[in-house]
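All remarks here apply to the structure that follows.
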Amino acid sequence: MKSRAICVGLAVMVVLFCASSVQAWIFDIVVEPANPQPGVVFTILSNGMLPHDCGPSTTSLFQSGDSVVFDISTYGDGCFTVPVPYTLFDSISIAEPGLYTLRIVENYYWGDSTLYFTRDSLIQFVVGDSSDISPCFLCIAGDANASDEVEIGDPIFLVKYIFGGGLEPECMREADANADGEITISDAIFLVRYIFADGPSSVCSPE
């Protein structure tokens, strides 16, 4: 009974080891060309490392709203081998111009087990002319200074804008932290409470 428990424990450790390893083997994702045009086929490439005896890998690529999902599935019976470089790729075309985010889904089929990893890639790319993309396209609520994150610089930016003739926010919807339809000192106070006092997070006001 004890030996069976040890075997089960070892099996779980092996699965967890493989899970952590497989997830780390994607090194980078490349969009070619970097600025695709509407209705024109472009390619997503995944570069990384995989064990040489893990079996074949398949890919699928599809659009889901303003995201492009790159689904990678790898089949094999083991992962304790020497990793080798690989490149996987698939192609797609998108009809509507705009800003899109690449989402990576990894599936590893190991014997009778299936391991799934889903993660959001940091890669964003524009389909069409980037000058047509509104600065509010993604709307990071509370990001008054357009730094792509909400931090102490945002309420400082708002105070300067409201009282000191500072720069106007690129996206008023992002600067309207409390989503009341106007930019006032209450937005800066809202952000300070969120950053330092566990206050509620911002929500983008309606367009």
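Bear in mind that the values in this text are calculations on the coordinates, not laboratory data. Every value quoted in this text rests on a predicted model; they were computed, and no experiment measured them. Cβ: placed from backbone, ideal geometry, glycine included. Neighbour counts: every protein chain shown.
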For this session: Using a 10 Å cut-off on Cβ atoms, rank the peptides 93-102, 29-38, 150-159 from the highest mean neighbour count down.
Result: 150-159, 93-102, 29-38
Seminar exercise, completed: At R0 = 35 Å the Cβ-Cβ FRET efficiency linking S134 and T87, nearest 0.05, sits at 0.50
Exercise. Taking square-rooted eigenvalues a ≥ b ≥ c of the alpha carbon gyration tensor, is region 134-207 rounded, prolate or oblate, where a/c under 1.5 means rounded and, failing that, a/b exceeding b/c means prolate?
Worked result: rounded
